[in-house]
Structure formats: structure tokens, C-alpha cells
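Okay, so here's the structure we're looking at.
Since every read-out is calculated from the coordinates, none of them should be taken as a lab result. This structure is a prediction, so every number in the text was calculated from the model and none was measured. Positions of Cβ are backbone-derived with ideal geometry, glycine not excepted, and every protein chain shown enters the neighbour counts.
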Amino acid sequence: MKVADILEVKGRDVMTVRSSDTVRNLAQLLKTNDVGAMIVSENGSSVDGIVSERDIAFGFATHGIHLTDQLVKDIMSKVVVTCSSDDTIASVANIMTEKRIRHIPVEEGGTLAGVISVGDVVKYRLDEMQLEANVLRDYAIAAR
């Protein structure tokens, strides 16, 4: 199964934030949209960075109570691991595990085409495993 299968169900809408936005605005956007990370993009189609709840937490260690007035560019991750819609879900799961990341932007032709989270990957894998279990059960019943 491929990343495209997740995006087909989940959709390709992506929440973005600009690097010049404040961390206060970022936190409000994360809460309002009930997401754990946002892609940093100046034009809505490029991947200029990624910023997550973890970045906010780590930002407190550096900026203390002044964090909310800092800019997204001060706490975002500038090196971003991306995938394509043709990548397998298993390979993306391995990358997420190895790199200890929970969100991966999907790019197609250098343009932002979606985001998948570890939750999306786990849900898809559980659905896949349930289907396999049902097929095996049906096979065992039919073989009697």
C-alpha cells in the first residue's frame, strides 16, 4: 500500500503557517485546527520547514516566557523529511521510527501535496491487518 492510499481517504488539505508568524499565532492555529504540526510555507505550496508541538515545548527551554512573541522561524525545523505519494506506507513508517518524527509532508513535483502523521500510518496498518485477519478466518472456515 502507498501513501496515496492514505491521502485518498484523508484528503490533501494542508494547514500551513508562515515563518514570520508568531509562536502565539501558531499555537492558536494548532489548537483551532486540532493538529500537532504545521508545514511552514511562504506560498502555501513549498515546504520551507515544519513546526510541531514538540518545537514549542523545546522553545520554552530557550526562550522561556517570551516564547509566544518569538517567530515561527526561531523554533521551526528547517531540514524536513518528505515523502511522495508513491512511497510505501511501510517505508514511511520506518522513516518515522528511525528519525523519531510524527509528521511527514508529501511532495509531488516539488509541491506540497499533503501531510501524513504516524496516527494515519497506524490506522491504515490496523485496517490492513484486520482485513488480513478476516480473509484468513474466512479461508479457515471455508476449508472445513
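Some observations on this one:
- Contour excess over end-to-end distance, with Cα ends at S19 and R100 and 0.36 nm allotted per residue: 26.9 nm
- Charge tally in the Cβ shell below 14 Å around D86, where Lys, Arg are +1 and Asp, Glu are -1, D86 excluded: -4
- Calculated mean residue ellipticity at 222 nm for the chain: -14500 deg cm²/dmol, from DSSP H runs with n ≥ 4 weighted as -39500 (n - 2.57), summed, divided by the residue count and rounded to 500.
- Using a Förster distance of 25 Å, the FRET efficiency for I65-L126 (Cβ separation, nearest 0.05): 0.05
- Top positive-direction residue, dipole computed over the chain with Cβ charges, set S85, L112, H63: H63
- For the range 3-142, the convex hull drawn through the C-alpha positions has a volume of 121 cubic angstrom per residue.
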